[in-house]
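Read the structure below first, then the notes.
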Amino acid sequence: MTLVSVRRATPWRTILATLGLLGVAGCNLAPPYVTPSATGPAAFPQAFKETPGWMQAAPDDDAPRGNWWTLFHDPVLDRLETQVQTANPSLQAALAAYDQARAFAAEARSYQVPTVGLNDSNTYNRQSNERPLRGGGQPNDYAANTLGGTVTYEFDFWRRVRNLVAAGRAQAQASAADLATAELSLQVQLADTYLALRGLDAQNQLLQTTVAAYQRALDLTQARHTGGVSSGLDVDRAQTQLSSAKAQISDVLAQRALYEHAIASLVGQPASGFAIAPATGQRLVPTFPAGVPSALLQRRPDIAAAERRAFAANRQIGVTRAAYFPTISLDTLGGWQNTGGNNLLTTPDTFWTLGPQLALTLFDGGLRRAQVAATKAAFTAASANYRATVLAAFQQVEDQLALASHYADEEIDERTAVTAAQATTDLSLIRYREGATNYLDVVTAQTAELQAEQTLLALQTRRQQAGVDLVRALGGGWDRADLPSLTRASSLKKGGSVGVVN
């Protein structure tokens, strides 16, 4: 008999494959993240075009911070803005969406720690007499008591879990920025509506004064008609002017009622029981410095939200790429088991299982490749959305700066027009009393004066609203540093100010 020595071949392929996997282990499969270009191939602007006399300034110093609406010095507006933050249902819905995003982020973080389970089973069983493989002294009736636990932990060699956590955190931060955007939008909407209402109050006061003046003019024409100095045509013209002014009062009051109802909904109150007392007074137009264009990237919550979503999409690429590699986990099962009795927790009744598990998909019909392609496309879309948000922000700031600048010039000319129209009306009335002209000249002068005064009041309202809309375009004093880290208790509380530094 010949003895043959057989030497087992070394499994080099297995060793090389193992070394390759260990080399990949710990690497981040998500592409290196770079914040998407804000302006694309175009150069980043160094100044706002519509800001005359612009000069370099510190953005954080120029930004309107905190309760920006207090610059209007209106206690009623201050009170209403506070109610928006605590009672508006749309803001509460945005807060609930943020809480949901935080919960999803916490769910992703839970995958980083082992899962521990406990099970207890106490049963009494009977086996069929006709069961397969019966015999061997097996009882037909028996008890089975089991008390045990399991511990499962997935090794995050390919950073799938860490990328999932990073994506969840970024999504929650984006939701926090969405909440700040919603709050700012509601604040601006309330201020716009309130200023429009106060503009109508000023219009109403003007019309009331005008009606009194037209009534005096009508009394004058009637007296002259009674004395045979003027014709009935003058009386009819004066009556037409008076009735037309009274009709405009009704129209203004109707518009005011609609604005009042809108404010009631914004502050979370039924319109039927809500009222704002009419008021007139000095109408301030605060100045909100625009700062430098680059400050928009820090001061607009919607831009921050778009950037965080781009980051989350980048990390999702790493999550889908990890599916090409095996999932390695450590599973532990142990406890006590017996067939009845009170001595379950004894050493002879113990059992345990410990060992790693590896799962790898070998063929999926292109599923993983499609999932990676989808996440890459999602990142491209998120990057494009970020750039679109930035470009829209520049447009909105330039729009409001242009309106503020041109409205200011227009108001100067309109004040001159009002002064000239008032002088024309006074002179025409004097000439009418002296019989030097007919009443048609008075009517023409009165109409021009009223139109000029109404245009001036409407222009003042538009200037105020342009200032408010500029606050929205600039981010309202919000700063990206306001985004919560989500690793500590969030400072965003129900009913409180969100995303605004007080």
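Values computed for the structure shown
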item	result
Test item: Cα-centred dipole of region 195-331, Lys/Arg +1 and Asp/Glu -1 on Cβ, debye	440 debye
Residue exposure sequence - VAL113, VAL252 - by fewest surrounding Cβ within 10 Å	VAL113, VAL252
Between 0 and 90°, nearest 10: helix 75-87 axis offset from the chain longest Cα axis	20 degrees
Whether the chain is rounded, prolate or oblate, judged on the alpha carbon gyration tensor where a/c under 1.5 counts as rounded	prolate
C-alpha long axis of helix 12-24 to longest principal axis of the chain, angle in °	30 degrees
Prolate/oblate/rounded label for region 234-308 (Cα gyration tensor, a/c 1.5)	prolate
Signed unit charges on C-beta, dipole axis of the chain, positive-most listed residue THR70, GLN171, ALA445	GLN171
Rounded to 10°, Cα long-axis angle of helix 89-110 versus longest principal axis of the chain	20 degrees
Three-way shape label, region 335-476, alpha-carbon gyration tensor, a/c 1.5	prolate
For the chain, size of Cβ-based charge dipole, Lys and Arg +1, Asp and Glu -1, in debye	2620 debye
Cβ-based net charge around GLU260, under 13 Å, with every Lys or Arg adding one and every Asp or Glu removing one	+1
Exposed trypsin sites (Lys or Arg not before Pro) absent - longest run of the chain, DSSP non-H/G/I/E/B, at most 14 other C-beta within 10 Å	135-487
Under 15 Å, Cβ to Cβ, from LEU358 - net charge with Lys/Arg +1 and Asp/Glu -1	-2
Sequence of TRP352, TRP69 once ranked by neighbouring C-beta atoms within 10 Å, starting from the fewest	TRP352, TRP69
The chain, helix-only ellipticity at 222 nm - DSSP H runs n ≥ 4, -39,500 (n - 2.57), divided by all residues, nearest 500	-20000 deg cm²/dmol
Cβ-based charge dipole, the chain, positive-most Cα from GLN460, PRO484, THR347	THR347
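Values in this text are rule-based calculations from the coordinates and carry no lab data. None of the values given here were measured: they were computed from a predicted structure. Here the Cβ is made from the backbone with ideal geometry for all residues, glycine too, and neighbour counts use every protein chain on show.
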